[in-house]
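Chemist: Just passing along the structure, written as structure tokens.
What follows is calculated from the coordinates using simple rules that are stated; it is not laboratory data. Because the structure is predicted, anything quoted here is derived from the model rather than measured. No Cβ is skipped: glycine too gets one built from the backbone with ideal geometry, and neighbour counts run over all protein chains shown.
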Amino acid sequence: MIVCVAVVGHQNNPLYIQSFTEADDALKLHHIVHCSLDVVDERVNNPKKSGPMLNETFLGLLYPIENYKVYGYLTNTKVKFILVTTDLDVKDADVRNFFRRFHSAYVDAVSNPFHVPGKKITSRTFAERVSTIVKSFGFSSVA
Amino acid sequence: MDPARTPLGQMLLEEITPVVMVLSTPSVEEACLKNGLSFLQMLTPFCSFNNIDVPVRTASDQPYRIHKFKLRLFYGSGVRKPDLKVAEEQLKQVITDSGEKVFSELCTDVPEINHELASSEDRNTPSWFQFFNKELVRVASFSDHEAFDHPVACLLAVSSKDEQPINRFVDLFNTNKLPSLLNDGTMDPKISKHYLLVHDNQDGPTESRASKILTEMRSTFGTSDCLMLCINSSPDAPIKHQVNPWASQISDTSPNQDLDCFLNIDDINEIKDLMQDLTSKHIIPNMEQKIRVLNQQVSATRKGFKNQIKNLWWRKGKEDGADSLNGPTYNFNSIESQIRVLGDYAFMLRDYELALSNYRLISTDYKIDKAWKRYAGVQEMMGLTYFMLDQSRKEAEYCMENAFNTYLKLGSLGQQNATRCGLWWTEMLKARDLYKEAATVYFRICGEDILHSAVMLEQASYCYLLSKPSMSRKYGFHLVLSGEQYKKCDQIKHAIRTYRCALSVFRGTTWSYINDHVHFHIGQWYASLGMYDVAVKHMTEILACSHQSKTTQELFLGDFLQIVEKTGRTFEVTKLQLPVINISSLKIIFEDHRTFGSPSAVNTKEGLWHSLEEEMIPSFTAAKANWLELQSKLIPKKLSQSNVCVAGEAVKVNIEFRNPLQITVPVSGVTLICKYSTSTEELTSNENELSLKTDNEVDHFRDMSSGNSSFLVSEVDFSLGGGETTMVQLSVTPKAVGTLEILGVRWKLSGAIVGFHNFELSHPKKNIVKGRRKPKHPPNEKFKFMVIKSIPKIQGSIHSLPRKAYAGDLRQLMLELRNPSEFPVKNLKMKISHPRFLIIGSQENAKLEFPGCLTKNIDSVQSVTHANPNIMSDTVFSFPVDTSVQGETPLLWPLWFRAAVPGDISLYMSIYYEVADISSVIRYRTLRLHYNVQVLPSLDVSFQISPSRLRIQDFLVRLDVVNKTSSESFQVYQLSSIGHHWEISLLQPPDAIFPSQTLMAGQAISCFFTLKKSRRLPTLEYNISTTHDRSDDVLLVPQCSQDLVYNTNNVPLVNFHHYERLQQKVSLENLGDLNTVDFVLISRPLNSTINHGLSDSPHVMSHHSCHLSTSSTGPISWLVDGPQTLHHDFSASFCEINLKMHLYNSSGVTVFVRIDTSDFDGSGGHLNSVNAVQSATPDNPAGWHDVTPVNELKVTSNALETQPGKALSLESVSPYIWSGSSSTNLHLEPMSSAEVPLQICVFSPGTYDLSNYVLNWNLLGDSDEMSKPSGKCQGYKYYLTVLQST
């Protein structure tokens, strides 16, 4: 199950954080997302792999903590998408697919002329779209 | 890097050293206590040797030298596993103490993160971390599975005072007093013993008794093992040593007192020599000896292929037997223990190769035996040995991890060892700059003990900071985690410290949840420590938490207020975030020479006023004098930058307060903070002082606002609901001449905390539009005012100006001006922005009764003449010189208002006046009034003029009126043509047009008039004539008497018409005034209707249409004159019909006209047939007539040309022939007419359209050939019916 998704701007400012748990753990998830930025930075600044991985937006598993797994995705405008999940066996393809859809939702949201770049995403449509994407996570490869 | 130089290396060199067990008699201790030391403490400082040079030869034949060495001394009672409880307490104490210490240092400043990064190397690991770690390592000492804590020697000390010293020596090493570890066989009880006789010199000289005992000892125990130590040689006075070697020992027990020492230099040197001798001559050789012996044993039993096979076989057999958690127990003389001892001895003597080989050997054995603890211990040592050898880093780490995991698997048994192992592991990783990995290891060390894990987490966080690239976010996160743990075990000070460090990471980021959490907890914890000031400081950071849920907001605010309450005073904070001040909304309104009649006037752009007032305000020497230059001439240059305000007149500040929370916040006592000084010099001198003590300003402000009587400050209270925004107007009224500066705003939140907002300091660059002037001076001047003595200020208003009006509404209004001050004003002038809507009347108008004054009566003649001069005065209206406004009686001046066009109209008026008092800084002022009028559409009036076909120079006028209102009914009353060269008359009687006399909402009517040129000689100035017998007014209401005809040449109407003309000016001008006609339609609302929001019902409404052109066909008009119907006997001959064409030139120049006639089959007819094909369907029934829809709104200027000859495009009709000249040319003089004869021949009876001719005209008057206007007119329809005569 996806616990939290987040969009973080290129100055590492949170643009959108949504948790999908009932528990009041917003702070914890904020911390997790915030910490994962360190790993994103690390991945970006010294990429170990080169060649085909150089232009890859999907950063893969950032780090496992406690009972979560954190995945990252970096757009070419240095906007980061973070996914926190409790699933222990996650297929990379699923995550990739999720991020691709998430990215397009994000692009649509920021294309709104009323959206101020660098400000938090407040679009309700975006939130709805994200929650549908989150709900369908994991089923896409089956379907 | 030399492994020995790393922190871990040094730690190992210090911690894994031979242990010497010390056994002493009470009298020895007694002697030592004279110095405040125990015997052990006395010896300890001299047990580490930094520059000895001892050759060591272990298993190999190659000797090497040891330069540094250390012994660890323990009392016999200390040689046991440390008590966990005691150790815990001790550790806790360490943490608490360091907490107090660090906290007091920290209170002063929060480290900046950059600073921290720079100096992180030394400050990241506070000294107490090292100490704590050492203590943790010590907790795991004297474990039965390790051998390096086994005593290698025993030092027995007996005092010379003791009775029977020899027996005492024997007693000391009595088995039942020895530590259990030695007795139960874990440690080898056969250790080398050294006998020390301690002699206190204060008891007497050495020679007598002590030397006797020594000789006795030597004979009993052997010479080499007996030593004597003389102490307390200093006779009476204690000696103070420059360098206290016991400082580190003593600090634990009695930190503050000076060591009164009876030990003199000789004594100390003696101790030093004693210990060095003991080490180099006895302990190290002993160890070498033992290593060699053990090594031989091990080689004999375990080395070599045969032994290995044997060993394996033997162990296999044993495997099933003991399977306890610890594996089998090994006593000291088992081969496994001996291998371990060998390894540890080799390690301590730094023969790491030897150590490693033995560890490896034993490790597999333990593994096979499932002696996990021992296995882990060996693995741990292997890792350390690898590290010290600085080879195979991977191997070292693998060993450490293996050891760590194995210890962890043991559960609580291995917890301490796991911690120790982890600490060593982290040190190892740190030594190799693998900080990130070290951090994860620290994270793993965190056990069940909360306090330990707090410390470990904190250390982990520092590792993240130190890793390259530094991971500051993880640093922050782990600090927060660690702080949480500290909090759980009541180490509040540590918790605060970690949170504050974490703050440096999160500060300035937009991660508001985290920020809030950190600030909130710091605030709470400070509050729990009773440090409310700091607590409040942190709590204020989280007040504007709009992103939090409502309950959180309530929690935050509640806690905050509670803390504030606990401080016991009204707290004052310079940057209170609640409510939020929208600084961009800050607007200062002050009146210098500009005064404002209403707030809306203030909000109008300065440029608009400026352009309005341009002509009124006096310009001084320079032609381009503007406001600023004007001021600089009048006031001292130094002050030219500051603003001017008048004593007694309020300076207002508009500021917006916003409540970001979802809960209601009461705000009270909102006032401006002002500073007043009587002279300008004082202010400038105070300024430096002021900027210096910004922190103290709080008190300063309070004094200012309460005690000072030189200005008055308004106070506002309000309550802000959740998410509300309120605009508050605050004012300060200076009472005396001087300088006034607005510093900021203060308010009280929930009656408990006072917030300040300093306008300048916090926002040096902001976007305020002050007094509607673009600020040109430096920002801190914007809030500074020069207060000048009071001067008159006129207040003005317009009475009964409607907020809403229907278009065309005409009213008389009254302008009222008051001057409450006793100073006179003079030279009043006024200007109005929209003369189309508002014109200035004359004093006489005030007496007139409205709307009666508009009608024609006898008196009106005078007013007409009077009115004329005013018409052109669209510039500045000057009040008569004798006008005075003073005291109670207001000046009333009439104004005429007419709602010209629908829409929202802003009317601006500016009244200029001069101050009679010459000495004043301000010589003149302007009063600016601003009114908004909403004009609703009422009647839509349009005219269409077409030439009459009956008489030349006569025109048919169609008037279309549509009532555009939703509910109002109007009476269309009167139509007048302006100017005197047109006469207008109704075609039908008014009854026929308006049976009901009203025009209901949405209703439309049209009526027709004939318009003709007045017979009088036309003059170019239309407004001169005043004759009465003209017929340019037509009443559309039947029964009214002539009295009530509105005079359109009277004062307001004619003026408004003038502006309407200017407004409606079109490009038709070049045709001259004479061919255009202006109409005024006057209508009246019916009184019976209900008014919707109109302040009072309109009386008269006028609608003006100007520049309606009559000359739609060019400068010429013509008329074809002939019979309509005639009878002819076609059997006799064809019919010849004579026609006459009347031509009239209405322009001012000569026109050349050519009349071309064409037949149907000619070129002209062809044109028509094309049109016919295009627009008519082929099977048109004969006689079908195309009715052009009534175009009610627009007068089509080319009405004739748009009517193609399709009405009678009857192919069946036999053509007629123009039988006269096919082309006629003639010149027409200006304003003259001519007659041209025309003739047609008709061959059969029928109806003929005689429009088959073209008039070409050229204006000849102008000599300029190029710009000669010319045109072409198609003939109009003229139907002629010829019938067969019988």
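Chemist: With the convex hull built on the Cα atoms of the stretch B:792-839, state its orientation-averaged projected area in nm².
Modeler: If you wrap the Cα atoms of the stretch B:792-839 in a convex hull and average its projections, you get 4.2 nm².
Chemist: Here's a follow-up. Evaluate 2.2 N^0.38 Å with N set to the residue count of the stretch B:462-534, then give the Cα radius of gyration divided by it.
Modeler: 1.10
Chemist: So what's the stretch A:70-121 giving for Cα Rg divided by 2.2 N^0.38 Å, two decimals?
Modeler: Scaled against compact globular proteins, the figure is 1.28.
Chemist: If you rank B:Ile445, B:Ile905 by fewest surrounding Cβ atoms within 10 Å, what's the result?
Modeler: B:Ile905, B:Ile445
Chemist: Continuing with the same structure: Taking 0.36 nm per intervening residue step and subtracting the Cα-Cα distance, what contour gain separates B:Glu816 from B:Ser1109 on full extension?
Modeler: Between B:Glu816 and B:Ser1109, full extension yields 101.3 nm more.
Chemist: Kindly flag which residue pairs out of B:Lys605/B:Lys784; A:Lys91/B:Lys394; B:Lys70/B:Lys488; B:Lys550/B:Lys748; B:Lys92/B:Lys575 have an alpha-carbon separation exceeding 28 Å in this structure.
Modeler: Numbers: B:Lys605/B:Lys784 22 Å; A:Lys91/B:Lys394 31 Å; B:Lys70/B:Lys488 40 Å; B:Lys550/B:Lys748 22 Å; B:Lys92/B:Lys575 39 Å.
Correct reply: A:Lys91/B:Lys394; B:Lys70/B:Lys488; B:Lys92/B:Lys575.
Chemist: Collect residues whose amide H, placed 1.01 Å from N in the peptide plane, falls under 5 Å from the amide H of B:Lys193; neighbours closer than 5 in sequence don't count.
Modeler: Those lying under 5 Å, H to H, from B:Lys193 are B:Cys154.
Chemist: How far apart, in nm, are the 7 Å Cα→Cβ label points at B:Ala1132 and B:Thr440?
Modeler: 13.0 nm
Chemist: With a point put 7 Å past each Cα toward its Cβ, work out how far B:Ala916 is from B:Thr1125 in nm, to one decimal.
Modeler: Label-label distance for B:Ala916 and B:Thr1125, simple model: 8.6 nm.
Chemist: For B:Gln297 and B:Thr509, what does the FRET efficiency come to when R0 = 56 Å and r is the distance between their Cβ atoms, rounded to the nearest 0.05?
Modeler: 0.30
Chemist: Pop the C-beta distance of B:Thr1281 and B:Val901 into the FRET formula with R0 = 41 Å and round what comes out to the nearest 0.05. All intermediate terms of the calculation are to be shown ahead of the outcome.
Modeler: On the way: r = 49 Å, r/R0 = 1.19.
It comes to 0.25.
Chemist: Scan chain A and report its longest stretch carrying no chymotrypsin sites (Phe, Trp or Tyr not before Pro) that are both in a DSSP loop and have at most 10 other Cβ atoms within 10 Å.
Modeler: A:1-113
Chemist: Compute for chain A: radius of gyration divided by Kirkwood radius, i.e. Rg/Rh, restricted to C-alpha atoms, rounded to two decimals. It would help to have the intermediate numbers written out before the result.
Modeler: Numbers: Rg = 14.4 Å, Rh = 15.4 Å.
We get a ratio of 0.94 for chain A.
Chemist: Still on this structure: Distance in nm between label sites at B:Lys804 and B:Ile583, each 7 Å beyond Cα in the beta-carbon direction?
Modeler: 4.3 nm
Chemist: HN-Hα J couplings of the stretch A:86-98 from phi, Karplus 6.51/-1.76/1.60, θ = phi - 60°, integer Hz, Gly and Pro as x?
Modeler: Here the 3J(HN,Hα) series is 9, 5, 8, 10, 10, 7, 4, 4, 4, 5, 4, 4, 4 Hz.
Chemist: Per residue of B:545-552, what is the mean number of Cβ atoms on other protein chains within 10 angstrom of that residue's Cβ?
Modeler: So the per-residue partner count for this stretch is 1.
Chemist: Here's another thing I want to ask about it. Find the percent of Cα-Cα distances in the stretch B:6-71 that exceed 20 Å, and round it to a whole number. If you can, show how the numbers build up before the last one.
Modeler: On the way: 1030 of 2145 pairs.
Value for the stretch B:6-71: 48 percent of Cα pairs lie more than 20 Å apart.
Chemist: Suppose a student asked you for the relative contact order of the stretch B:883-964, using Cα pairs under 8 Å spaced at least 6 residues apart; what percent would you report?
Modeler: Result for the stretch B:883-964 is 23 percent.
Chemist: Report the gain in length on full extension from B:Leu389 to B:Asp203: 0.36 nm times residue separation, minus Cα-Cα distance, nm rounded to one decimal.
Modeler: Taking B:Leu389 through B:Asp203 to full extension adds about 61.8 nm, to one decimal.
Chemist: Rank these for me by crowding, B:His1128, B:His150, going from fewest to most other beta carbons within 10 Å.
Modeler: Final ranking by Cβ density, sparse to dense: B:His1128, B:His150.
Chemist: Using the number of other C-beta atoms within 10 angstrom as an exposure proxy, rank B:Ile514, B:Ile663 with the fewest first.
Modeler: B:Ile663, B:Ile514
Chemist: Mind checking the mean number of beta-carbon atoms from other chains within 10 Å of the Cβ atoms in B:467-474? Walk me through the numbers before you get to the answer.
Modeler: Working: counts 2, 1, 5, 1, 6, 3, 11, 8.
Neighbouring Cβ atoms belonging to other protein chains average 5 per residue here.
Chemist: I'd like the mean, over residues of A:28-35, of how many other protein chain beta carbons sit within 10 Å of each residue's own Cβ.
Modeler: 5
Chemist: Largest first, please: the extent of the C-alpha atoms of the stretch B:368-429 along each principal axis, to the nearest Å.
Modeler: Per principal axis, max minus min of the Cα coordinates gives 31, 25, 13 Å.
Chemist: Hey, can you rank B:363-375, B:1140-1152, B:53-65 by average C-beta count inside 10 Å, highest first?
Modeler: Taking the mean over residues of other Cβ atoms within 10 Å, the ranking is B:363-375, B:1140-1152, B:53-65.
Chemist: For B:Asp954, which sequence-distant residues (separation of 5 or more, or a different chain) have an amide H within less than 5 Å of its own amide H, given hydrogens modelled in the peptide plane?
Modeler: B:Ser948
Chemist: When the helices in chain A are scored as -39500 (n - 2.57) per DSSP H run of 4 or longer and the sum is shared across all residues, what 222 nm value do you end up with, to the nearest 500 deg cm²/dmol?
Modeler: -12000 deg cm²/dmol
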